[in-house]
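J.: I have a structure I would like to understand better, so I am pasting it below and will then ask my questions one at a time.
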Amino acid sequence: MDVTCPVVHVRKAAGYTVITLNRPEKLNACTVPMLEALLTALQEAFADCACRVVLLTGAGRGFCAGQDLNERKPVPGQLPDLGASLIEHYNPVIQAIRSAEKPVVCAVNGVAAGAGANIALACDIVLASRTARFIQAFARLGLGPDAGGSWFLPRLIGDARARAIALLAQPVSAEQAHAWGMIWQVVEAEELMSTAENLTVELTTRAPGSMAAIKRAYQASATHTLEEQLALEAHLQRDAGRSADYAIGVSAFLCGEPPVFIGR
Ligand code: T3D
């Protein structure tokens, strides 16, 4: 089923939902209505029992050029509150992706700049077209990092590279991003969506409880000590070991058949 809203397109397929940022003429730069529609689309997909995986992408030649700067034209006598904008509109999108029990795949179809780059990096598996580039554009505008970039980047590519690309605000090619471990895969432009959709379909065959446990464990590992992480793994594994999907997985293995997970 397709639901078309002017700025965010939602397509429901068997077991997954494709969310497409849809302002191609502005490289999918974020406006308030677009960020609100994106958050709603994510929340609905995460709450939808028929959806096991979300695939996020952009329409046209860009993935997302970050904040629409037309909304930020200086007005004499008025100062914008970008902190409020982050708290109200960007942070909920990042938190929704990171706290969801379902994986979010991102197909970066073109340039991803500013907050747009960091929305992509918040996702669980990121594929990029060979033509894509990632720009921490903030220093070109007089801004600091946002949308989680200063949290994701040092963890993904190390402090030295993260600092340099933020300070220099230079584009990072998809190939370089892949070589640095910032993203999972680089794909030829014409194969991006089929590759991303095949990977998404493959994820729908995995146990939903495993997806949730993996997301929770990896998120927590960023701040946990080894002892805390071992305790969390034991807690998550206790629940997993009692799940119907684990019984299905073990039985299927012992019968030499592929498992068909029912989910939670
Ligand atoms: O609330 C808050 O403000 C929070 C803060 C958030 C942080 C941010 O995300 S700030 C914005 C960060 N993003 C940028 O600085 C990127 C700005 N854009 C660019 O540097 C370039 O457009 C690109 C490098 C992304 C792509 O260049 P190119 O040459 O491929 O395309 P273009 O011709 O520049 O852009 C195509 C159109 O998209 C053009 O519109 P037009 O002239 O054809 O009508 C351009 O103005 C528009 N566009 C691109 N980025 C934005 C944008 N319009 C508004 N805002 C944009 N960010």
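J.: Please count how many residues of the stretch 66-106 are in contact with a Lys or Arg (Cβ under 8 Å, 6 or more places away or on another chain) and either within 15 Å of V8 (Cβ to Cβ) or aromatic (F, W, Y) (or both).
T.: 1
J.: Of the residues that sit in the stretch 51-74 and are open to solvent by 70 Å² or more (accessible area, probe 1.4 Å) and out of contact with any Cys (no Cβ under 9 Å at 6 or more places or on another chain), which one is nearest to I19 (Cα to Cα)? Steps first, answer last, please.
T.: So the first thing to find is which residues in the stretch 51-74 are open to solvent by 70 Å² or more (accessible area, probe 1.4 Å), and the list is 61, 69-74.
Then keep just the ones that are out of contact with any Cys (no Cβ under 9 Å at 6 or more places or on another chain); that gives 61, 69-70, 72-74.
Numbers: R61: 16, L69: 23, N70: 24, R72: 26, K73: 29, P74: 32 Å.
Step by step, filter the stretch 51-74, then rank; the result is R61.
J.: Turning to a different aspect of this structure: Of all residues in the stretch 14-53 being assigned to a strand (DSSP E or B) and free of Cβ contacts under 8 Å to residues at least 60 places away in the same chain, which is farthest from K102 (Cα to Cα)?
T.: Step one: filter the stretch 14-53 for residues assigned to a strand (DSSP E or B), giving 16-21, 30, 53.
Keeping just the survivors that are free of Cβ contacts under 8 Å to residues at least 60 places away in the same chain gives 17, 19-21.
Details: T17: 11, I19: 14, T20: 17, L21: 19 Å.
Checking each candidate, the answer is L21.
J.: What are the residues in the stretch 115-135 that are under 10 Å from G66 (Cα atoms) and either open to solvent by 10 Å² or more (accessible area, probe 1.4 Å) or among the aliphatic types (A, V, I, L, M) (or both), if any?
T.: Taking the stretch 115-135 and keeping what is under 10 Å from G66 (Cα atoms), we get 115-119, 135.
Hits for the stretch 115-135 are A115, A117, I119, I135.
J.: Still on this model: Under the condition of being open to solvent by 40 Å² or more (accessible area, probe 1.4 Å) and part of a helix (DSSP H, G or I), which residue from the stretch 142-160 is farthest from V53 (Cα to Cα)?
T.: The selected residue is A160.
J.: Scan the stretch 161-178 for residues that are over 17 Å from the mean Cα position of the chain (by Cα) and open to solvent by 80 Å² or more (accessible area, probe 1.4 Å) and report the count.
T.: Just the residues of the stretch 161-178 that are over 17 Å from the mean Cα position of the chain (by Cα), to begin with: 161-173, 175-176.
The next check asks that each one be open to solvent by 80 Å² or more (accessible area, probe 1.4 Å); those that pass are 161, 163, 167-168, 170, 175.
Total satisfying the criteria: 6.
J.: On to the next question. Assigned to a helix (DSSP H, G or I), in contact with a helix residue (DSSP H, G or I) (Cβ under 8 Å, 6 or more places away or on another chain) and touching a residue at least 12 places away in the same chain (Cβ under 8 Å): which single residue out of M193, M211 fits that description?
T.: Details: M193 fails: in contact with a helix residue (DSSP H, G or I) (Cβ under 8 Å, 6 or more places away or on another chain).
Within the list M193, M211, the selection yields M211.
J.: Which residues, taken from the stretch 57-82, are closer than 30 Å to I125 by Cα, out of contact with any strand residue (DSSP E or B) (no Cβ under 6 Å at 6 or more places or on another chain) and more than 9 Å from the ligand (Cβ to nearest atom)?
T.: G60
J.: From the list L82, L39, L55, pick out the single residue that is under 16 Å from N118 (Cβ atoms) and either within 18 Å of the chain's Cα centre (by Cα) or not assigned by TED's automatic domain parsing to the domain that holds G149 (or both).
T.: Details: L82 fails: either within 18 Å of the chain's Cα centre (by Cα) or not assigned by TED's automatic domain parsing to the domain that holds G149 (or both); L55 fails: under 16 Å from N118 (Cβ atoms).
That would be L39, the only listed residue that is under 16 Å from N118 (Cβ atoms) and either within 18 Å of the chain's Cα centre (by Cα) or not assigned by TED's automatic domain parsing to the domain that holds G149 (or both).
J.: Among the residues of the stretch 224-246, are any in contact with a Pro (Cβ under 8 Å, 6 or more places away or on another chain), surrounded by fewer than 17 Cβ atoms within 10 Å (Cβ to Cβ), among the hydrophobic types (A, V, I, L, M, F, W, C) and in a helix (DSSP H, G or I)? Break it down stepwise before answering.
T.: Initial filter on the stretch 224-246 (in contact with a Pro (Cβ under 8 Å, 6 or more places away or on another chain)): 245.
Adding the requirement that they be surrounded by fewer than 17 Cβ atoms within 10 Å (Cβ to Cβ) leaves none.
The answer is no, given that none of the residues of the stretch 224-246 is in contact with a Pro (Cβ under 8 Å, 6 or more places away or on another chain), surrounded by fewer than 17 Cβ atoms within 10 Å (Cβ to Cβ), among the hydrophobic types (A, V, I, L, M, F, W, C) and in a helix (DSSP H, G or I).
J.: I would also like to ask the following. Filter the stretch 214-223 down to the residues that are open to solvent by 30 Å² or more (accessible area, probe 1.4 Å) and either in a helix (DSSP H, G or I) or touching a residue at least 60 places away in the same chain (Cβ under 8 Å) (or both) and list them by number. Reasoning before the result, please.
T.: Residues of the stretch 214-223 that are open to solvent by 30 Å² or more (accessible area, probe 1.4 Å), as a first pass: 214, 216, 218-219, 221-223.
The answer is I214, R216, Y218, Q219, S221, A222.
J.: Picking from A122, A137, which residue would you name as being in contact (Cβ under 8 Å) with a residue 12 or more places away in the chain, within 17 Å of H178 (Cα to Cα) and touching a Gly at 6+ places or on another chain (Cβ under 6 Å)?
T.: Working: A137 fails: within 17 Å of H178 (Cα to Cα).
After applying the criteria, what remains is A122.
The values are calculated or read from the model by the stated rules, or taken from the named source; none is laboratory data. None of these values were measured; they are calculated from a predicted model. FYI the Cβ positions are ideal-geometry reconstructions off the backbone, even for glycines, and counts take in every protein chain you see. Note: accessible area is taken over every heavy atom of the protein model, side chains too, but ligands, DNA and RNA are not part of it. Shrake-Rupley method; radii C 1.70, N 1.55, O 1.52, S 1.80 Å.
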